Amino acid sequence: MPCTTILVGKKASYDGSTIVARNEDSANGEFNPKRFCVVDPEGRTSYTSKISHLTVPLPAEDGVRYTAVPNADLSQGLWEEAGFSARGVAMSATETLTSNERVLGADPMVVYRPAKGTPGSDDYEPEQPGGIGEEDMVTLVLPYARSARDGVRILGELLERYGTYEMNGIAFSDVNEIWWLETVGGHHWIAKRVPDDCYVTMPNQLGIDSFDLADALGEQTEHMCSPDLAEWMAAHHLDLTLRTEGENDRVFNPRDTFGSHSDEDHLYNTPRAWSMQRFLNPHAQSWDSPEAPMGPEANDLPWASVPERKVTIEDVKYVLSLHYQGTAYDPYGSFGTEATRGHYRPIGINRNSQLSVLQARPYGPEATRCVQWLAFGSNPFNALLPFYASVSQTPAYLEQTDPKRVSTESFYWANRLIAAMADANYAECVPAIEAYQLDLGSEGERMLAATDALVAKQGLGAEAAQDLLEEANQHVADYAREKTDELLAKVLYERSMHMANRFARSDA
């Protein structure tokens, strides 16, 4: 299962922004080329899923323009993944989650079943559409949501009506708050507001570790859920909470109730949360000690934590590129042994497809508030670029990804080439890669500051500022292309000097 998510509340971030960020990773044994674009839903009346063959009617006049990072190859559907709408709502979908037999037996997944037999015959069974999944969620929800909370409501209603064929975690944000929704079985769901002063770490496990049913079924201040969640849980004996006499019986641990703690989790999932928290709260415990209360396989790592200092965009990029630096588990490191290096699944992995960091900034003109930071390919080797989301088009360098033709004309493929070559000579290539990452990040920050100031000085609204924002986005893409080509040349040279057929003596 792919993907890793971090969510940063507005009081935990460096500038008061809400920050939603997720690596989209392709399945094992394949790559999934991505592109960055703007989508206008005008004229859409329905949507049909490729995987589940489900057709969903769409609101006639409610959809607005939004950014997205869809698949370049549409044979398996859109998979739009992450973006901002023109209303300033952000959505990231999805983080694949785990569950257990009790939950999946109580509310089975809604899986597509093809037709069987011959139409008209006694044994004929018509096609049964499946539910909605990662392929569909951004397309069905983001253009219609009016706030982060409203996004939760819309997706919740879709899950109740159509069901889902997979367990997923979905993030919604706006300039005020972040909500995290987790699907539970085929039709049920829970959602919790991220505390403003906290960050949340999410590998591929059900993550919420405390949930207040009274709030979710009442005022919904910090929690939301399926209307029948309490009755369903009681009917199937799902709540595993041990309570003392008089303890609140409406608060429970969803991670215990709906999630998993398998041996596979301890290799694949929990170590990623541990590594992120190790970086953001370095003094919370002696993280690398065998006696540490929470090691890389701990079942009780917190869902939400207050960081030791405010979290920046570069922090988010760093933790979503982690490969256990400074520990015995780093596949590029010198600590540990051959057995420990590469023992746990890294966050920054060869099959990272794209990273979207959705930053809703509370300051400046409304036109400049929403910034979608993007990186393509394997995160230890790429750089994060900022793009204004209030635009009608995106730069060709990021939009025009040919799924069948590898080319340096594409930011996606250029990053894939760099990572594949640099991996073999990591120590020799990493100085150039780190300089590249610093250079592009610095130019991106400079561009944002300059463009923010110009839009504010001219007093431009969203429509009036669009051309200027698109020019700024194009500048970032052009700068990235120049520097990416330079890095590719350096990495190619370094890798060539380590070929097996090298020979030191010149032919002169």
### Message
I'm trying to understand the selection: among the residues of region 311-320, which are touching a residue at least 60 places away in the same chain (Cβ under 8 Å) and open to solvent by less than 20 Å² (accessible area, probe 1.4 Å)?
### Response
V311, I313, V316, V319, L320
### Query
Yes or no: G16 on the phi > 0 side of the Ramachandran plot, at pLDDT 95 or above and surrounded by fewer than 18 Cβ atoms within 10 Å (Cβ to Cβ)?
yes
### Query
What is the residue count in region 261-288 for residues that are open to solvent by less than 30 Å² (accessible area, probe 1.4 Å) and under 18 Å from C3 (Cβ atoms)?
10
### Query
Which residue, of E409, E366, is within 19 Å of R65 (Cβ to Cβ), surrounded by fewer than 20 Cβ atoms within 10 Å (Cβ to Cβ) and either modelled with pLDDT of 95 or more or over 22 Å from the mean Cα position of the chain (by Cα) (or both)?
E366
### Message
Against the definition (free of Cβ contacts under 8 Å to residues at least 12 places away in the same chain, of a type outside the set (F, W, Y) and open to solvent by 10 Å² or more (accessible area, probe 1.4 Å)), how does G43 come out, yes or no?
### Response
yes
### Query
Do we have any residue at all in region 202-213 that's open to solvent by less than 30 Å² (accessible area, probe 1.4 Å) and acidic (D, E)?
no
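I'd like to know if region 245-259 contains one or more residues that are open to solvent by 10 Å² or more (accessible area, probe 1.4 Å), in contact with a Leu (Cβ under 8 Å, 6 or more places away or on another chain) and within 25 Å of S147 (Cα to Cα).
no
Can you pull out the residues in region 214-240 that are surrounded by 15 or more Cβ atoms within 10 Å (Cβ to Cβ) and polar (S, T, N, Q)?
If the condition is that a residue be surrounded by 15 or more Cβ atoms within 10 Å (Cβ to Cβ) and polar (S, T, N, Q), then Q220, S226 are the ones that fit.
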### Query
Would you say N176 is under 20 Å from the mean Cα position of the chain (by Cα) and either among the aromatic types (F, W, Y) or within 28 Å of S275 (Cβ to Cβ) (or both)?
no
### Query
Hey, among the residues in region 460-501 that are of a type in the set (D, E) and touching a residue at least 60 places away in the same chain (Cβ under 8 Å), which one's surrounded by the most Cβ atoms within 10 Å (Cβ to Cβ)?
E470
### Summary
By residue number, the members of region 403-421 that are of a type in the set (V, I, T) and touching a residue at least 12 places away in the same chain (Cβ under 8 Å) are T408, I418
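More than 24 Å from the chain's Cα centre (by Cα), among the aliphatic types (A, V, I, L, M) and either open to solvent by less than 10 Å² (accessible area, probe 1.4 Å) or within 30 Å of A12 (Cα to Cα) (or both): which single residue out of A414, A422, A432, A427 fits that description?
Within the list A414, A422, A432, A427, the selection yields A422.
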### Message
Show the residue pairs meeting these rules: Cβ distance below 8 Å; 6+ apart or different chains; first residue within region 382-400 and surrounded by fewer than 21 Cβ atoms within 10 Å (Cβ to Cβ) and modelled with pLDDT of 95 or more; second residue among the aromatic types (F, W, Y) and outside any strand (DSSP E or B).
### Response
E399/F36
### Task
Return yes or no: is D197 free of Cβ contacts under 8 Å to residues at least 24 places away in the same chain and among the acidic types (D, E)?
no
### Query
Restricting region 329-351 to residues that are open to solvent by 30 Å² or more (accessible area, probe 1.4 Å), in contact (Cβ under 8 Å) with a residue 12 or more places away in the chain and not aromatic (F, W, Y), which is nearest to A21 (Cα to Cα)?
N350
### Query
What residue, of E308, E297, is touching a helix residue (DSSP H, G or I) at 6+ places or on another chain (Cβ under 8 Å), surrounded by 15 or more Cβ atoms within 10 Å (Cβ to Cβ) and charged (D, E, K, R)?
E297
### Query
Which residue pairs have Cβ atoms closer than 7 Å, lie 6 or more positions apart in sequence or on different chains, and pair a first residue in region 262-285 that is without any contact (Cβ under 8 Å) to a residue 12 or more places away in the chain with a second residue that is not hydrophobic (A, V, I, L, M, F, W, C)?
Q285/P293
### Message
Kindly evaluate T337 against the criterion of being among the β-branched types (V, I, T) and touching a helix residue (DSSP H, G or I) at 6+ places or on another chain (Cβ under 6 Å).
### Response
no
### Task
Specify which of the listed residues (N473, N501, N425, N415) is in a loop (DSSP other than H, G, I, E, B) and at negative phi.
N501
### Task
Would you mind telling me which numbered condition in (1) within 28 Å of D239 (Cβ to Cβ); (2) of a type outside the set (F, W, Y); (3) free of Cβ contacts under 8 Å to residues at least 24 places away in the same chain D122 fails?
(1)
### Query
Is it true that some residue in region 168-180 is open to solvent by 10 Å² or more (accessible area, probe 1.4 Å), in contact (Cβ under 8 Å) with a residue 60 or more places away in the chain and within 19 Å of P254 (Cβ to Cβ)?
no
### R22 in contact with a helix residue (DSSP H, G or I) (Cβ under 6 Å, 6 or more places away or on another chain) and either charged (D, E, K, R) or at pLDDT below 95 (or both)
no
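The values are calculated or read from the model by the stated rules, or taken from the named source; none is laboratory data. None of these values were measured; they are calculated from a predicted model. Backbone-built Cβ (ideal geometry, glycine too); neighbour counts: all protein chains shown. The accessibility values were calculated without ligands, DNA or RNA, using every heavy atom of the protein model including side chains. Shrake-Rupley method; radii C 1.70, N 1.55, O 1.52, S 1.80 Å.
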